[in-house]
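The values are calculated or read from the model by the stated rules, or taken from the named source; none is laboratory data. Since this is a predicted model, take the numbers as computed values, not measurements. Reconstructed Cβ throughout: ideal geometry from the backbone, glycine too, with neighbour counts over all protein chains shown. Heavy atoms of the whole protein, side chains included, go into the accessibility calculation; ligands, DNA and RNA do not. Shrake-Rupley method; radii C 1.70, N 1.55, O 1.52, S 1.80 Å.
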Number of protein chains: 4
Amino acid sequence: MNKGRGFASDNNSGVHPAVMDALNRVNEGHVISYGDDPYTGAAIKKIKKEFGDNVEVFFVFTGTGANVLGLRAATESWNSVICAETSHIHCDECGAPEFFTGCKLLTAATPDGKLTVDMVRRYMHGFDFEHHSQPGVVSITQATEMGTVYTPAEIRKISDYAHSLGLLVHLDGARICNAAASLDVSLRAITADAGIDILSFGGTKNGLMYGEAILFFNPSLSRNFKYIRKQGMQLASKMRYIAAQFDALLAGELWLKNASHANAMARMLADKASAIPGIEITQKVQVNGVFARIPPEIIAELQKEFFFYIWNEEASEVRWMTSWDTTADDIAAFTDLLKNKLK
Amino acid sequence: MNKGRGFASDNNSGVHPAVMDALNRVNEGHVISYGDDPYTGAAIKKIKKEFGDNVEVFFVFTGTGANVLGLRAATESWNSVICAETSHIHCDECGAPEFFTGCKLLTAATPDGKLTVDMVRRYMHGFDFEHHSQPGVVSITQATEMGTVYTPAEIRKISDYAHSLGLLVHLDGARICNAAASLDVSLRAITADAGIDILSFGGTKNGLMYGEAILFFNPSLSRNFKYIRKQGMQLASKMRYIAAQFDALLAGELWLKNASHANAMARMLADKASAIPGIEITQKVQVNGVFARIPPEIIAELQKEFFFYIWNEEASEVRWMTSWDTTADDIAAFTDLLKNKLK
Amino acid sequence: MNKGRGFASDNNSGVHPAVMDALNRVNEGHVISYGDDPYTGAAIKKIKKEFGDNVEVFFVFTGTGANVLGLRAATESWNSVICAETSHIHCDECGAPEFFTGCKLLTAATPDGKLTVDMVRRYMHGFDFEHHSQPGVVSITQATEMGTVYTPAEIRKISDYAHSLGLLVHLDGARICNAAASLDVSLRAITADAGIDILSFGGTKNGLMYGEAILFFNPSLSRNFKYIRKQGMQLASKMRYIAAQFDALLAGELWLKNASHANAMARMLADKASAIPGIEITQKVQVNGVFARIPPEIIAELQKEFFFYIWNEEASEVRWMTSWDTTADDIAAFTDLLKNKLK
Amino acid sequence: MNKGRGFASDNNSGVHPAVMDALNRVNEGHVISYGDDPYTGAAIKKIKKEFGDNVEVFFVFTGTGANVLGLRAATESWNSVICAETSHIHCDECGAPEFFTGCKLLTAATPDGKLTVDMVRRYMHGFDFEHHSQPGVVSITQATEMGTVYTPAEIRKISDYAHSLGLLVHLDGARICNAAASLDVSLRAITADAGIDILSFGGTKNGLMYGEAILFFNPSLSRNFKYIRKQGMQLASKMRYIAAQFDALLAGELWLKNASHANAMARMLADKASAIPGIEITQKVQVNGVFARIPPEIIAELQKEFFFYIWNEEASEVRWMTSWDTTADDIAAFTDLLKNKLK
């Protein structure tokens, strides 16, 4: 029995033991609330070590919170935000970006979740024309919602182009650790060093209980961010517990270990599944997601034992996510089941 | 040495061991995210047992989130919300209620943080007049920000009056457990049974790591709340960890033990402090806050050893909060220090 | 000399003499402000005669105001609005719909500015799923921004489909009079009788000085609209002057005469222009707009004498709008110039 | 017969003949829409002559639009706006300021509608504290809603104080012409020269059909205002007609003549009414409003012949507004009626 284990999402997994240890460890005595405590200071220091001294760091609760508040800091309500049609900010945040920033989201259809300069260029008009939402931000996701990654050079191309027109670049990094692991580069190489202005640095999907960080590589953007965060209902009173988790995530490269493991499990799953007749992998498997076309008649039965989501009902395309706690046994059990159903 | 212990706020304390145990206990395996898991179901069941079967329950992250989203569910943007001048929604949420709901907050000066029907009545005009923000909600805080409590009858008077005019009643219950403990009544007696429509049921200040619940006693109000919560960036992916904390809080009446203890410590502090010449207690001490007028010249020195906040600089009035983990030793050490400074 | 006459937009023209007369006529004595006056009553009566007794009518100032406030009345902030990629609400309102309603706009690429059921269907998923903006409204423009019209049957198909899924249908009728004239049907036939729920009934582009009307064919939608209009800053104090203009527009079918004339002028322009080698008409000419591909090198010179806008720079496509006051002489002078430049 | 004449509001009157003439005069031929026309240029030039070359001018439709958009330009959503409890922005705009800016309005009770530095000072705390809405703007009304005026020195005191703390000063000038007439000073003396940053320059209540202007004396504030106006649904397409009205208002000091006349009529009404036993004038009569306590039993009967509003039902206090078209005969007829009823 798999005891509810599955491939639905990397947020179905629990908290990594090292993170849980950290939570237990900081649970002593009193500290000033709202971030003015030594644990928060220490965690920010570790993040700066990873991303550069110039970065400004703010913790929030959720990925949607990180994305929306980050965009808010970078926009006026008459701006537009250019993003992929599959992006989380467009598909999975119930319109929170529009509601909270007032901005218009302009989307590009992509084959693999990745924006290109050409896709962005299409929206680069109407500058200074008051009838037109003013292009303000390009938002990309790394790794993408389709399990693919941008190379540092690809990001640089987008950010150079955006900056040349006065736009800012936001990166939804709910799975940035998986991307860095996949590319075998530092977190800095695909953010600060590639021209990113604002990063949603994801923690929850990589072994935390809760908590994301917003990083501003352009410190002038964060000048008023403390008000945005408070008014955005994302200021934690007992901040030490978010800080402790990030501290643990950055200690001993836990972020990299967790992400590498999840990626490897996806690789293993894709390799085993693609060897089964009737299964077609539909996207490059670069991080911890596997997209596959499978016979529709077996989906419901599979889901009973290992839950996962249908991505595209018409195409009979499904999404399998692995996580820091997926095991080779999970993969074996699941691919055995697959083979069995497809016999 | 007090190791940073103090009386700044009940959110400077940590997580109660039983709550931490619960977090450790649910940290196993995979569960569906966003609340569709057995832990969340179990916690909601416990809450319903406490508050009544008709209540609808939604977990969020912060007290501001609970207040603002609860008000959003109860209002249209052209409504006004009547509240005390000292209320958290007016003073301490950086305008989040106005920003997120669009509503106007109308405030009443109170001697003790408590609204009365007469104070509300002043704003009951302009109904149906389109130039005027339409009175929509009365919001009260229990226990109040001044450390006082409403009796069930006092709440009932306000809610009957509000309902008679078509308004709803919201209760900011960041410290509702302290109020119930002080009044020696059930949580239901000062909410569902007293006519409250929406409750922000606080957890963080009473021993949780994070997490509040929004309770709708009028289920029609919660019909669209799942969208409000998601768009409000307060939907937790790993919901089981908020649920587990509330489960622990309600198990074996931990909520009551924690709150009673904090209240008793405040009582002890007030008693000892009021016996010291030069110190005047300025509000009734009904829950876990003590307001006192003390000589201004000793404030800074006291704060070095036991941190607390100045409430009213001109009046030299300070606020001392106790919490579930305040000890008699803390009180003794602090009052000894007080005596010493005032010799 | 053309004295600044041109084909830039139907809002470059002035006020029809009969409308100006009406303004002069009502300019006497005192009347209650904000719409509680006999002139407003009389104008609404005329509108009801045209559209049906069940309609609720509210005057506002601008077309953007009418669209945005109408959408507001029909949505919650977590809804999405499906519209054509070329729609005014998406392209020409500086994000006011997103800002004021909080909703997400979902756009469909169209060949001719017209939505179809198939285009709408693509977005009909994610119902009841809190991560997803809930499909709430289909918004179409009649006549479209591309100078084309929907037949009553085409509108009915869309509204039946939308209603079958619980969505409402909004019609941006900035040029609805031109559409009715073109189709030779009543205003009611393409609104109330075709299943439209909310209409922005345009006046300014058809000979008024200012003023649009919002019509609710589903009166329950207008229940709170007076607050939406006031909070939306679109409540006129001296309402009689908007009312008088609409009264004049509906008297003696002035709306139809103005629109028919503008349409005929566009027809004439298209006929003459299409006979000139080097000019290609790119859209059906069904109302008062002509879209044409012309040699890029002559555009700037033409604009000096008759101003108009470039629609698509890359395709060298321009837009010529006629209006109630365009004359056959204007057309002749302009097409002579065209011929001359293309010799 | 008074033919519906009364003292309800200065917006119950019609359009001054010179303004109507101007509307008729500009109604010829085509001009570019949205303000890029010679009439708009000319009107702005006249306004600059009156207020100073540095001012930036934008026309909008309504007084609420002018106030709200002006505040929007001066604030971030986490700011507070300090104003009198009787101010139009607080009482009569259905929460539009909160909805559109996100800001919190903080009000001061005043005896006469006038803010003082002491009233503002009360709210000058919590700077830099993220839990607290940051004081951003002081908004005063000139003439006030109570019919009183600030002297230039009184305004200067407030603006100096506000500026010393980094706040901006907004002036709701729906009746600024009446104030200037009353004080016998230029419009500039009570705005630009007194330290005002943003002015809502009212037209509608002083003889226009519709149209207000927003003036920025600090041009950096208007940098993005064109987007705010468009997104705020207050950009007129046929701008020439607002411009023509302002042009007429400033030509030959019509603004002053209209306002002086209205003021004189109020003075006359107050003088005659106060001579009648049983009537008590309750506010200084400095502009075109008279506040009076009259026996409650005669109110309804009076209103049948000359409509006016009850200001304070409990106190039996009423408000009588005069306007540019009030005549000495109106006053005589009304005061005769008063005398008659009080015999």
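Before moving on, here are some points about what is shown:
- Residue list for the range D:293-308, restricted to those being under 20 Å from D:D112 (Cβ atoms) and in contact with a helix residue (DSSP H, G or I) (Cβ under 6 Å, 6 or more places away or on another chain): none
- For the range B:38-70, the set of residues classified as over 21 Å from B:A180 (Cα atoms) and away from every other protein chain (no Cβ under 14 Å) consists of B:A42 only.
- Within the range B:284-323, tally of residues that are of a type outside the set (G, A, S) and open to solvent by 30 Å² or more (accessible area, probe 1.4 Å): 17
- Some residue of the range D:216-230 being at pLDDT 95 or above, open to solvent by less than 10 Å² (accessible area, probe 1.4 Å) and more than 14 Å from chain A (Cβ to nearest Cβ): yes
- Test: C:A251 is small (G, A, S), open to solvent by 10 Å² or more (accessible area, probe 1.4 Å), at pLDDT 95 or above and within 30 Å of C:T335 (Cβ to Cβ): no
- The residues of the range D:1-19 that are out of contact with any strand residue (DSSP E or B) (no Cβ under 8 Å at 6 or more places or on another chain), more than 7 Å from chain C (Cβ to nearest Cβ) and at pLDDT 95 or above, listed by number, are D:H16, D:P17, D:A18, D:V19.
- Of all residues assigned to the range D:197-204, none qualifies as being in the same structural domain as D:Q245 (by TED's automatic domain parsing), modelled with pLDDT of 95 or more and open to solvent by 30 Å² or more (accessible area, probe 1.4 Å).
Here is a yes/no grid of residues against (1) in a loop (DSSP other than H, G, I, E, B); (2) of a type in the set (D, E); (3) open to solvent by 30 Å² or more (accessible area, probe 1.4 Å); (4) over 30 Å from D:M233 (Cα atoms):
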residue	(1), (2), (3), (4)
A:F127	yes, no, yes, no
A:E130	yes, yes, yes, no
A:S139	no, no, no, no
A:E145	yes, yes, no, yes
A:T148	yes, no, no, yes
A:I155	no, no, no, yes
A:D160	no, yes, yes, yes
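- Filter pass, C:L208 being open to solvent by less than 10 Å² (accessible area, probe 1.4 Å), in contact (Cβ under 8 Å) with a residue 40 or more places away in the chain, within 20 Å of C:E145 (Cα to Cα) and part of a loop (DSSP other than H, G, I, E, B): yes
- Residue among C:E76, C:E50, C:E28, C:E56 that is more than 20 Å from C:L168 (Cβ to Cβ) and at pLDDT 95 or above: C:E50
- Number of residues in the range C:72-105 that are in contact with a Ser or Thr (Cβ under 7 Å, 6 or more places away or on another chain), at negative phi and within 14 Å of chain B (Cβ to nearest Cβ): the value is 11.
- Total residues in the range C:107-124, condition under 14 Å from A:L106 (Cα atoms) and open to solvent by less than 20 Å² (accessible area, probe 1.4 Å): 1
- The range D:324-343, subset charged (D, E, K, R) and touching a residue at least 12 places away in the same chain (Cβ under 8 Å), residue most open to solvent (accessible area, probe 1.4 Å): D:K339
- Residue pairs whose Cβ atoms lie under 9 Å apart, separated by 6 or more positions or on different chains, with the first residue in the range B:104-131 and more than 22 Å from B:G147 (Cβ to Cβ) and the second at pLDDT below 95 and open to solvent by 20 Å² or more (accessible area, probe 1.4 Å), are B:H125/D:E313.
- Taking the range A:229-253 as the range and being in contact with a helix residue (DSSP H, G or I) (Cβ under 6 Å, 6 or more places away or on another chain) and of a type in the set (A, V, I, L, M) as the test, the residues that pass are A:M233, A:L235, A:A236, A:M239, A:A243, A:A244, A:A248, A:L249, A:L250.
- Of the residues in the range B:20-37, at least one is within 22 Å of the chain's Cα centre (by Cα) and either away from every other protein chain (no Cβ under 11 Å) or of a type in the set (A, V, I, L, M) (or both).
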